[in-house]
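Novice: First the structure, which I've put down as structure tokens, then a few questions once you've had a look.
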Amino acid sequence: MSTSQLAQTLKGSEIIKIGAEINELKRQGQQIANLTIGDFDSNIYPIPDELKQGIIDAYQHNQTNYPPAEGVAALRQEVSAFLKKHFGLDYNANQILISSGSRPLIYSTFLALIDKGDKVVYPVPSWNNNHYCHLTSAEEVQIITRAEHDFMPTADDIRPHLKGATLLALCSPLNPTGTMFDKKDLEEICDLVIEENKNRLPGEKPLYMMYDQIYSMLTFNKEHVDPVTLRPELKDYVIYIDGISKCLAATGVRVGWGFGPEKIIGQMRSIVGHMGAWAPKPEQVATAEFLKTEQPLNNYLAKFKSEIQTSLTTLYDGFQQLKAEGFSVDAIEPMGAIYLTVKVDYIGRTTPTGEILNSSADINFYLIKEAKVALVPFSAFGTDDSITWFRASVGTCTHEEIRQMIPRIKDALAKLK
Ligand SMILES: Cc1ncc(COP(=O)(O)O)c(C=O)c1O
């Protein structure tokens, strides 16, 4: 049966393929430490109690009809205050759109800005920009980033590609790397965008930036930076993506917010409305109440951040120890999000059963089988399969599980010839 070109050419998720492998081994009774999904085990990392109770209360108060298309007014007000307080950003409620998590905001940003064939520039590795380009028939321009620069793009990397582009899609802290922009690097990139827009003719589409800062509250000893704070003149051109999914371990609660120029936010509201991708009303009401109360938010974040940081640092230290012992591994110091970037450089080596590891996917499947640890190769985020860097996501493992992984990885690597 024939379906649309779009449907037929959609790319499946690499991570889901790895998940299938893990599930098969689990069915055979094996215990696999799953560092693949960008999610949390909600028994290890539950959402804040006050938020949970607020959601229950909202249902009990029958807050169960349609929410307003742009989001519940009280929540948009609270988000406005939150942006001012935490980032010093001035956005009023009309410049804020609530949706069912942040994905519909990303998709609606693309739909609001991109016509078929418009150029979208984004760094790789990065999360899902390729899929949103595909969905909007954009011409995608991938900027290959380097480990020496923490896999974050620089102005020099981006400069040659901005001419005529419609969207520059950036994210910090970055999924999959857990690394972040330095102030100077982001400033230089912002200046490129300002310069490029000066050269646009009247009536020509400007160059916009999408700035995904969904992990901005989860940073460790490094300050989050954002484009409009650094360059206020960019305010008409930046659409921010944010929400509670990651910073409150609330991936299943589905409350996200986008903010930016009122006209674009209004158009995104219509698109989200046609998709019906609103956040559930009780969750919106409860999130508004939760954001209002400062102490529970601060308490929650302090504990949550420290636990995630412990996991990331334990894994990082473990990889550094293996490196010091002569193993061909590496790791980049964690800066933010729930991810660690690790290198397992064993392409061309032979397993005990005689198979040669030809790609990062082969290394990954070897580690799953032999070390019972599952990572995601950066090829799932757009890099070449010969690149031996991987994402380790720590939200579904306890500290103890993470500590136990390192000796298993060591034994598995020691068996390779
Ligand atoms: C960078 C980034 N942006 C957005 C999202 C989507 O978040 P949500 O669950 O709110 O749709 C994710 C989820 O993994 C992400 O990593």
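Novice: How large is ³J(HN,Hα), in whole Hz, for each residue of the range 264-277 in order, when computed from phi with the Karplus curve 6.51 cos²θ - 1.76 cosθ + 1.60 and θ = phi - 60°, using x for Gly and Pro?
Specialist: In residue order, the calculated couplings are 5, 4, x, 5, 5, 4, 5, 5, 4, x, 5, 6, x, 8 Hz.
Novice: Does anyone have the angle between helix 14-27 and the longest principal axis of the chain? Alpha-carbon axes, 0 to 90°, nearest 10?
Specialist: Its long axis makes an angle of about 50 degrees.
Novice: Kindly identify the range 251-296 as rounded, prolate or oblate by the Cα gyration tensor criterion: order the square roots of the eigenvalues as a ≥ b ≥ c, call it rounded if a/c is under 1.5, otherwise compare a/b with b/c, prolate if a/b is larger, else oblate.
Specialist: Oblate shape, in that a/c is at least 1.5 and b/c is the bigger or equal ratio.
Novice: Turning to a different aspect of this structure: Dipole size in debye (nearest 20) for the range 49-293 around its Cα centre, Lys and Arg Cβ +1, Asp and Glu Cβ -1?
Specialist: Roughly 480 debye, rounded to the nearest 20.
Novice: Further, regarding this structure: Kindly provide the trypsin sites (Lys or Arg not before Pro) of the range 115-213 that DSSP labels as loop, not H, G, I, E or B, and whose Cβ sees at most 14 other Cβ atoms within 10 Å.
Specialist: Working: sites: Lys116, Lys119, Arg146, Lys163, Lys183, Lys184, Lys198, Arg200; in loops: Lys116, Arg146, Lys163, Arg200.
Filter output for the range 115-213: Lys116, Arg146, Lys163, Arg200.
Novice: Once you sort the root eigenvalues of the Cα gyration tensor of the range 164-289 as a ≥ b ≥ c, which label holds: rounded (a/c under 1.5), prolate (a/b larger than b/c) or oblate (the other case)? Don't skip to the end; give the middle numbers.
Specialist: Details: a/c = 2.53, a/b = 1.27, b/c = 1.99.
Cα axes put the range 164-289 in the oblate bin.
Novice: Please find, in a Gaussian network model of the chain (springs between Cα atoms separated by less than 10 Å), the residue of Ala288, Ala147, Ala392 whose mean-square fluctuation is greatest.
Specialist: Judging by the Gaussian network model, the answer is Ala147.
Novice: Suppose each label sits 7 Å from its Cα in the direction of the beta carbon; what would the His149-Glu187 distance come out to in nanometres?
Specialist: Taking the simple label geometry, His149 and Glu187 are separated by 1.7 nm.
Novice: On to the next question. Calculate how steeply helix 49-60 sits against the longest principal axis of the alpha-carbon atoms of the chain, using the helix alpha-carbon long axis, and give the answer as 0 to 90 degrees to the nearest 10.
Specialist: Between the helix axis and the principal axis of the chain, the angle is about 50 degrees.
Novice: Continuing with the same structure: May I ask you to list the aspartates and glutamates whose Cα is less than 20 Å away from that of Lys116, ignoring any residue fewer than eight positions away on the same chain?
Specialist: Glu139, Glu140, Glu204
Novice: Restricting the calculation to Cα positions, tell me the Rg (one decimal) and the Dmax (whole number) of the range 10-118 in Å.
Specialist: According to the Cα coordinates of the range 10-118, Rg and Dmax are 19.7, 54 Å.
Novice: Can you run phi through the Karplus equation (6.51, -1.76, 1.60; θ = phi - 60°) for the range 257-263 and list ³J(HN,Hα) in whole Hz, with x for Gly and Pro?
Specialist: Using θ = phi - 60°, the values come out as 9, x, 8, x, x, 4, 5 Hz.
Novice: May I ask you to derive the FRET efficiency for Glu400 and Glu325 from their Cβ-Cβ distance with R0 = 30 Å, giving the value to the nearest 0.05? Don't jump to the answer; show the numbers that get you there.
Specialist: Values: r = 22 Å, r/R0 = 0.74.
My answer for the efficiency is 0.85.
Novice: Measure of size requested: the Rg and Dmax of the chain, with Cα atoms as the atom set and Å as the unit; please supply both.
Specialist: 21.7, 65
Novice: Can you list residues whose amide H is under 5 Å from Ile143's amide H, if they're 5+ apart or on another chain and H is modeled 1.01 Å from N?
Specialist: Placed amide hydrogens put Tyr122, Val124 under 5 Å from Ile143.
Novice: How much area per residue is accessible in the chain when the probe is 1.4 Å and only protein heavy atoms are counted (Å²)?
Specialist: On the way: 17770 Å² over 417 residues.
Value returned for the chain: 43 Å² of accessible area per residue.
Novice: Taking all protein chains in place and a 1.4 Å probe, what share, in percent, of the accessible surface of the range 49-293 do carbon and sulfur account for?
Specialist: Carbon-and-sulfur percentage of accessible area, whole number: 48.
Novice: If you don't mind, another one. Can you tell me the order of 324-337, 166-179, 123-136, 243-256 when each peptide is scored by its average per-residue count of other Cβ atoms within 10 angstrom, highest first? Kindly include the intermediate steps, with their values, before the conclusion.
Specialist: Values: 324-337: 19.1, 166-179: 26.7, 123-136: 20.9, 243-256: 23.1.
The densest-packed peptide leads the list: 166-179, 243-256, 123-136, 324-337.
Novice: Counting helices only, and only those DSSP H runs with n ≥ 4, report the 222 nm mean residue ellipticity of the chain as the sum of -39,500 (n - 2.57) divided by its residues, in deg cm²/dmol to the nearest 500.
Specialist: The helix-only estimate for the chain comes to -13000 deg cm²/dmol at 222 nm.
Novice: Could you state the angle between the C-alpha long axis of helix 281-292 and the longest principal axis of the C-alpha atoms of the chain, as a value from 0 to 90 degrees rounded to the nearest 10?
Specialist: Long axis of 281-292 versus the principal axis of the chain: about 90 degrees.
Novice: Need the full-extension length gain, Glu195 to Thr3, defined as separation in residues times 0.36 nm minus the C-alpha distance. One decimal, nm.
Specialist: Working: separation 192, 0.36 × 192 = 69.12 nm, distance 4.29 nm.
The span from Glu195 to Thr3 would gain 64.8 nm if fully extended.
Novice: Under 5 Å between amide H atoms, partner at least 5 residues away or on a different chain: which partners does Asp212 have, H built in plane at 1.01 Å?
Specialist: Leu170, Cys171, Ser172, Ile241
Novice: Let me ask something additional. Filter Lys303/Lys415; Lys183/Lys246; Lys52/Lys183; Lys85/Lys205; Lys17/Lys410 down to the pairs with a C-alpha to C-alpha distance above 28 Å, please.
Specialist: Table pairs above 28 Å Cα-Cα are Lys303/Lys415; Lys52/Lys183; Lys85/Lys205.
Novice: Order Met152, Met275 by their accessible area, 1.4 angstrom probe, all chains in place, largest first.
Specialist: These residues rank, largest area first, as Met275, Met152.
Novice: Label 7 Å along Cα→Cβ of Asn221; the range 315-357 residues with amide nitrogen under 13 Å?
Specialist: 316-317, 333-336
The values are calculated or read from the model by the stated rules, or taken from the named source; none is laboratory data. Everything quoted here is computed from the prediction, not taken from an experiment. Neighbour counts run over all protein chains shown; Cβ positions are idealised from the backbone, glycine included. Please note that ligands, DNA and RNA were not included when accessible areas were found on the heavy atoms of the full protein model with its side chains. Shrake-Rupley method; radii C 1.70, N 1.55, O 1.52, S 1.80 Å.
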